[in-house]
Amino acid sequence: MTPTDTASRSPGWADRLLPIDRRAVPFLLLAVIVAAAFAPAVGNGFVGYDDSGYVTRQPHVAGGLTAAGLAWSLTAVLQSNWHPLTWVSHMLDVTLFGLSPAGHHATSVLLHLANTLLLFHLLHRETRRGGPSLFVAAVFGVHPLHVESVAWVAERKDVLSTLFWLLALAAYGTYTRRPHAGRYALVLVLFAAGLASKPMVVTLPLTLLLWDVWPLGRLERVGLRRALIEKGPFVGLAALSAAVTIHAQRAGGSLADIEALPLGLRLGNAVVSYVVYAGQTLWPAGLSTFYPHPASGLSPWWVAAAVAALLVSTVWAIGQRHARPWVPVGLGWYVITLLPVVGVVQVGLQARADRYMYVPMIGLLIALAWTADEVVSRSRVATARMTTALAGLAVLALGVAAWRQVHVWHDGVTLWTHALAVTDDNFIAHDNLGVELDALGRPDEALAHYRETLRIKPGDRHGTYNYAMACFGKGERLLGQGDPEAALAMFREGLAYRPDNADARRYVEAIESALRTGTPPRSR
């Protein structure tokens, strides 16, 4: 036996110290970096922004996982959505952890970790390229744009639906290699589960067609006609989900008024958003919980530049379809998966949202990583090593940025204070910060933010209500402190925004009467 044979059969010191299958190393590495970036989320609390509607003040969820709760989840159309599996996941958390936020956050982090590991497994299995697969999964796992999806308990639907999305994609790969009715049915079931978690999964049928092009390379074997017929049941499920979603969003008042946001403005914002999202993927700075919609209009030059960028990218991607099929597939994934939330059909008041990039970013990363991998494979060893080092530094920098962004979600005051620091005229941030300060017993600070809400957007429904209630509350405090004239002014100011408040009107009448007669008025 030669020394070489002995060395090849005997474990080295590193193997004896850490006896781990090398195939597990990428998974362990991904687990470590994701855990390091998102671990602070477990120490965060709930925030007033929808967490109460999903968990803390939602009676069907707060009771934990019960038969009655399961039945309710199937028909509930709340928070402008129908997503029974999301409700069930929150109920299960309450059963396991009660209303302690740590457990709820831990579940979201674990789901995000599962998505990261599954993404790596999926890409590596279909392409046999470890380097770009690991890079895509690592960036996905620690990108700051994903913090909103993971650190916001109310956004559980994002990480949960993506889990089913990736499982469906994995099951589809298995089906295409060994076609069978049962395997096909499994893909459909996983798609339905994704839709029952968040309707944004509706674009999966088109993504499956892209997957047929690359990395599966099926279209040349089965033909476009069969591939399209194969997607028929998926399109039917998607259409049903879209109809239910539109009904839920109309019922919840989330669909913006067409006259308030004209088609031209919505289209312009959609085109610009595609470019902004891509820019934030490369340089994730100034991230906010809410980005105000440019209701006053967008610069025509900015819209024209965005249109030009999209056209150039599209032409280039089409030109790469034979030599580099991952380019049109990746960019197509990005464009298609953003379509439901890019704002052509406006849902909510935001211009865009970080959470909307949870799935679409994968397409951009695929186009970037596989193109870079091709270039590096033709380069010298030194160039390849330098590129690997730069990729590692990029992942490290993104992880640090994500870790910092997770701390922004520590509580409601921190969250909305940060939003005000990185955006302009953010009436939603002022309004929500006012609510958080009110809850902490800081009413005067809250009132100042409510005033800013109405200055920026005078007709804001929530801001008007909150401002009026804050005025009434301050009026009662002033009256209790023996200042009836100041109290009267606050009650009158509140009634200007909420004239139907009978208690406030009685206060006004009592104070006016007391001032006329000289009798000191008293708070109730």
Among T127, T107, T86, which is the only one that is touching a residue at least 60 places away in the same chain (Cβ under 8 Å), under 19 Å from T162 (Cα atoms) and assigned by TED's automatic domain parsing to the domain that holds A36? T86
Across region 283-310, which residue is surrounded by the fewest Cβ atoms within 10 Å (Cβ to Cβ) among those that are of a type in the set (F, W, Y) and over 30 Å from V395 (Cβ atoms)? W301
Give region 1-51 a look and list any residue that's aromatic (F, W, Y) and either outside the structural domain of V94 (by TED's automatic domain parsing) or modelled with pLDDT under 70 (or both), or say none. W13
How many residues of region 436-489 are of a type in the set (K, R) and either in contact with a Lys or Arg (Cβ under 8 Å, 6 or more places away or on another chain) or closer than 30 Å to G518 by Cα (or both)? The answer is 2
Any residue at all in region 304-315 that's farther than 26 Å from L208 by Cβ and either touching a residue at least 40 places away in the same chain (Cβ under 8 Å) or not in a helix (DSSP H, G or I) (or both)? no
Within region 233-247, the count of residues that are touching a residue at least 40 places away in the same chain (Cβ under 8 Å), more than 15 Å from Q346 (Cα to Cα) and not polar (S, T, N, Q) comes to 5
Restricted to region 452-491, and to residues that are among the charged types (D, E, K, R) and within 13 Å of H430 (Cβ to Cβ), which residue is surrounded by the fewest Cβ atoms within 10 Å (Cβ to Cβ)? R455
Residues in region 384-391: is at least one crowded, with 24+ Cβ neighbours inside 10 Å and part of a helix (DSSP H, G or I)? no
Would you pick out the residues in region 311-334 that are closer than 21 Å to R352 by Cβ and surrounded by 17 or more Cβ atoms within 10 Å (Cβ to Cβ)? S313, G330, L331, G332, W333, Y334
Could you run through region 468-486 and say how many residues are more than 14 Å from L447 (Cβ to Cβ) and at pLDDT 85 or above? 3
Region 382-426, subset in contact with a Pro (Cβ under 7 Å, 6 or more places away or on another chain) and either modelled with pLDDT under 95 or among the hydroxyl-bearing types (S, T, Y) (or both), residue nearest to A35 (Cα to Cα): T423
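The values are calculated or read from the model by the stated rules, or taken from the named source; none is laboratory data. Nothing here was measured: the structure is a model prediction, and the numbers come from that model. Cβ sites come from the backbone with ideal geometry, for glycine too, and all protein chains shown count toward neighbours.
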